Amino acid sequence: MLSRAKRQWLLWSLGANYALYTIQSALLITQLSGIDASIVTLKPIGAMLIAPALYLYFSLLIRPDSKMHKTDAWHLLPVALFQTILITGGSLADILDFAFIVTYAAYLVLIAVTLRKHKSLLSYLGDDSQVAVRYLGGFTILLSINLIIEVSLLIELDRGVPLADSLSLKIGAALFLLVHITMLLLALQRSPYLEWLYNREEQTKPVGRTPTLATAQAEQIFHQWNALVESERLFQLEFGITLSQAAKKMQIPVRQLSNAVNQIYGNTFSVHLNDRRIAHAKELLVREPQLPIIDVMLQSGFSSKSNFNKEFARVAATTPSKYRDQILEIQTPINMS
């Protein structure tokens, strides 16, 4: 399990990436509105920061210690040089746009190569590893589209197209808005494409590691948690419940709850909750044979069909519909007799 300090590096890095995209969106809107604001001059700096920031997040994910290193400061050098030339002007300012494109493209290639070469290092996420690779691949595609838009914008400006009339700028603004809306909807639905981010801090402890809780204490915490799950039907919450929220509800440290579930249940907090959801789904499939599968999914606490099917297959080694058919086939001869 990652220490709190290591998780903070990952969280800060992920937050910084989304913050950069948010800031760029605001600056794009300011540009398109024609507002004469000096803050718009920060847009090129933000654009330069996006690529190295995303690369650093990739690096933190695949590093065993998940920590920033002193050598990571070198990634700020292109941004610093870019800012210096932008402020001082001079002969180098003529090649600034070209240097920006080259630097951006170089980081894009570096990110793509890193993801392809080291994606096996995400295997610690188990079933979520492939989802994580697709998520990071999506970010890489987004970065590629962003680079194309920047190149198109430079071509338009070189042809004398006014900034306010730039089609590339408008497409960029629409893209940023679409990304924010999509990520918000995915987060609200606890989509599988983001679920691995929640599970990132809930991985099972390495085998052989000495438990941090006495067995009696771990049993007490786990039984209290299990009773709370049943009494308040926490597994059926529309958007689920995170480890941090659960620990806050029980008024105990996050680490204690996580360790108790790992020690007593033998698996992670998220797996325990999903197992309870699948158990409820099995009950519904048999008790209410006419209930649509989608309703079974929602009443069991899942918001994504793909995640429901994946978790059901993990537990029952079959699909929900096949499971229902198999149980009903067994019960039919008994009822007839």
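The values are calculated or read from the model by the stated rules, or taken from the named source; none is laboratory data. Remember, predicted model here, so these are calculated numbers, not experimental data. Positions of Cβ are backbone-derived with ideal geometry, glycine not excepted, and every protein chain shown enters the neighbour counts.
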Exercise. Can you name every residue in the stretch 154-201 that is at pLDDT 75 or above and among the charged types (D, E, K, R)?
Worked result: Glu156, Asp158, Arg159, Asp165, Lys170
For this session: Just give me the residues in the stretch 272-328 being touching a residue at least 12 places away in the same chain (Cβ under 8 Å) and part of a loop (DSSP other than H, G, I, E, B), in sequence order.
Result: Pro289, Ser300, Gly301, Phe302, Ser303, Ser304
Problem set entry | Sole exception among (1) under 24 Å from Asn309 (Cβ atoms); (2) crowded, with 16+ Cβ neighbours inside 10 Å; (3) not hydroxyl-bearing (Ser, Thr, Tyr) for Leu237, by number | (2)
Problem set entry | Hits in the stretch 258-271 (condition: in contact with a helix residue (DSSP H, G or I) (Cβ under 8 Å, 6 or more places away or on another chain) and not in a helix (DSSP H, G or I)) | Asn267, Thr268
For this session: Looking only at the stretch 55-64, count how many residues are touching a residue at least 60 places away in the same chain (Cβ under 8 Å) and farther than 13 Å from Ser13 by Cα.
Result: 1
Exercise. Based on what the data block shows, is Asp94 at pLDDT below 75, over 15 Å from Leu143 (Cα atoms), outside any helix (DSSP H, G or I) and among the charged types (D, E, K, R)?
Worked result: no
Exercise. Out of curiosity, is Leu228 at pLDDT 80 or above and either aromatic (Phe, Trp, Tyr) or not assigned by TED's automatic domain parsing to the domain that holds Asp97 (or both)?
Worked result: yes
Exercise. Do you know which of the residues in the stretch 65-84 that are among the hydroxyl-bearing types (Ser, Thr, Tyr) and closer than 18 Å to Trp12 by Cβ is modelled with the lowest pLDDT?
Worked result: Ser66
Seminar exercise, completed: Selection from the stretch 247-258 of residues of a type outside the set (Ser, Thr, Tyr) and crowded, with 21+ Cβ neighbours inside 10 Å yields Leu257
